[in-house]
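Here the structure comes first, spelled out in structure tokens, and everything after it is commentary.
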Amino acid sequence: MLKVKYLPLILALSLMSLHAEETAQAPTVDHMSLATMMIFDGKYEKAQKELEAVDQSSDYFDAAKYHTMLGVLAVKKKEYEASIESFNQAVEATQVKVYKAPPKVKAQKEYLFSVFSEKKEAPKKVEEPPFDAGKVRQESLDKLHIHLSKSYFKLKDYANTIQALDNAGELGRNRAGLFTLRADCFWKLKDHSGAIEALSRGSELFPEDATLLKQKFYYLAELKLYQAAIDASKAYMDMGKASPKEYLALAQMLMSGSELDSAINVLEEAKIKFPKAPKLSMVLGHAYLKRDMIHVTAHLFEQASYYDHNYTKEASEMYRRAKDLPHALYLNSQITDKKEKLKQKVAILIEREEYEKVIGLEDGLKRYSMLSDDNLRYALAYAYYMAKDYNHAEKHFKKINDNALFSKATLIRKNIEKCKKNSLECI
């Protein structure tokens, strides 16, 4: 009877014990770890919910980590102002955070002797450096300042970007790209000396980095500090990293500074390195044209047209100006733009005094509505005049609207009247 009497009490105690055991064994949800996974997977809304579920009143709450994750999440969502607020809160929390040494992992016991194995030497004990809480804190702060610099830059807050990089200590100086970023910020703030100084400092720390020298060259060129720009460009080119674009920039800068001979030397060197770069040939051709070396220019333009057909028209025109009309006509035949081809062909044929052939192009000029150009109409009228077809010549001369061309046409029309009255005057 005693056992039956106390059976409900025993059962109740057993159930309470089982519930307590289940409660003790129930795993605690780590919302911050889940949020990290969600951010990594690009599930930002779910990550936000996990962070909202974090118990900030818990004794185990890590405020520095929490605000850092909020900042990272805001960056992922391109909410840069919110990210700055969170990263600054993380900085404050990191400054007061108590850092403890991680628990030491016990090494697995090894048996030095075994019946079935040879004798092993005991492993040498490696002395681990003492835990430095200050160093760990500083590393965390430096990383946060790098995060801040990126967010400030996205918001075009260049002054604070520079300040954040400086606050990042060694981490803000351990890559060449951070100095180009500093220089870019200084430049946008119109602090040109600060930009040049940042690049110079970067080059001292990273002498093998070509980007720093390249950016320095462009800044110096824009400031019209030509000699300093030339020195920077030569140092950059000596590294073997220069592209045709950099050679062109240097040459054009030299030409604008009336250093034509130096520009030609730079371009000739570039052409040897990059024989298939058409822009080099074109700019070099223009440089020689300033020396009135028109045949050299024509040849260089033609070289450029081998690699870029858009330059065929310029090559043909230059041969026309050099009076090599057969070759000009040959290159003209290779122009793909029909209107440009026809327009240039008229000019070449006029210069060759092949007026009947110009007249033969009239249908084409009409087809492409090109006679609205008074220059072409004048050329066609002049061809009719020289072919002694005065009626057609007058017909086209009358339709010219340009004042200068109309004055020329008027003189020719007067001459036509004389010719009509006395054909001997036009022999």
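The values are calculated or read from the model by the stated rules, or taken from the named source; none is laboratory data. Everything numeric here is computed off the predicted structure, so don't read it as measured data. Neighbour counts are summed over all protein chains in view; Cβ atoms, including those assigned to glycine, are modelled from backbone coordinates with ideal geometry. Calculation scope for accessible area: heavy atoms of the full protein, side chains included, ligands and nucleic acids excluded. Shrake-Rupley method; radii C 1.70, N 1.55, O 1.52, S 1.80 Å.
Compute the FRET efficiency between Glu222 and Tyr368 as 1/(1 + (r/R0)^6), taking r as their Cβ-Cβ distance and R0 = 51 Å, and round to the nearest 0.05.
On the way: r = 43 Å, r/R0 = 0.84.
Plugging the Cβ-Cβ distance into 1/(1 + (r/R0)^6) gives 0.75.
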May I ask you to list the residues of segment 200-243 whose amide nitrogen lies under 18 Å from a point 7 Å from Cα along the Cα→beta-carbon direction of His192?
200, 214-233
If you count only protein heavy atoms and use a 1.4 Å probe, how large is the accessible surface of Ile84, to the nearest 10 Å²?
20 Å²
Determine the per residue accessible area of segment 129-239 with all protein chains present and a 1.4 angstrom probe, expressed in square angstrom.
54 Å²
So, with points 7 Å from each Cα along the Cβ direction, the Ala235-Gln56 label distance in nm works out to 5.0 nm
Mean Cβ neighbour count within 10 Å, used as a protection proxy, ranking 37-43, 211-217 highest first:
211-217, 37-43
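Once you sort the root eigenvalues of the Cα gyration tensor of segment 315-427 as a ≥ b ≥ c, which label holds: rounded (a/c under 1.5), prolate (a/b larger than b/c) or oblate (the other case)?
On the way: a/c = 2.21, a/b = 1.66, b/c = 1.33.
It is prolate, given that a/c is not under 1.5 and a/b is the larger ratio.
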Set the bar at 23 Å for Cα to Cα. Now go through Lys245/Lys343; Lys366/Lys398; Lys245/Lys323; Lys43/Lys65 and name every pair that lies beyond it.
Lys245/Lys343; Lys245/Lys323
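When the Kirkwood hydrodynamic radius is evaluated over all pairs of different C-alpha atoms of segment 134-281, what value in angstrom, to one decimal, is obtained? Don't skip to the end; give the middle numbers.
Details: mean 1/r = 0.0599 Å⁻¹.
Result for segment 134-281 stands at 16.7 Å.
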Could you tell me which of the pairs Lys46/Lys78; Lys313/Lys388; Lys188/Lys234; Lys154/Lys214; Lys224/Lys273 are separated by over 20 angstrom between their Cα atoms in the structure shown?
Lys313/Lys388; Lys188/Lys234; Lys154/Lys214; Lys224/Lys273
Can you send over the carbon and sulfur percentage of the accessible area for segment 280-427, probe radius 1.4 Å, protein chains only?
49 percent
Setting aside same-chain residues fewer than 8 positions from Lys77, which aspartates and glutamates have a Cα under 17 Å from its Cα?
Asp41, Glu45, Glu50, Glu52, Glu85
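At a Förster distance of 41 Å, what's the computed FRET efficiency of Asn401 paired with Glu269, Cβ-Cβ distance as r, to 0.05?
Details: r = 50 Å, r/R0 = 1.22.
Plugging the Cβ-Cβ distance into 1/(1 + (r/R0)^6) gives 0.25.
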Can you give me the distance in nm between label points at Glu340 and Lys154, each placed 7 Å from the Cα along the Cα-to-Cβ direction?
4.4 nm
Considering only C-alpha atoms, what is the centroid distance from segment 165-181 to segment 351-376, in Å?
65 Å
Lys97 versus Glu417, label points 7 Å from Cα toward the beta carbon: distance in nm?
9.8 nm
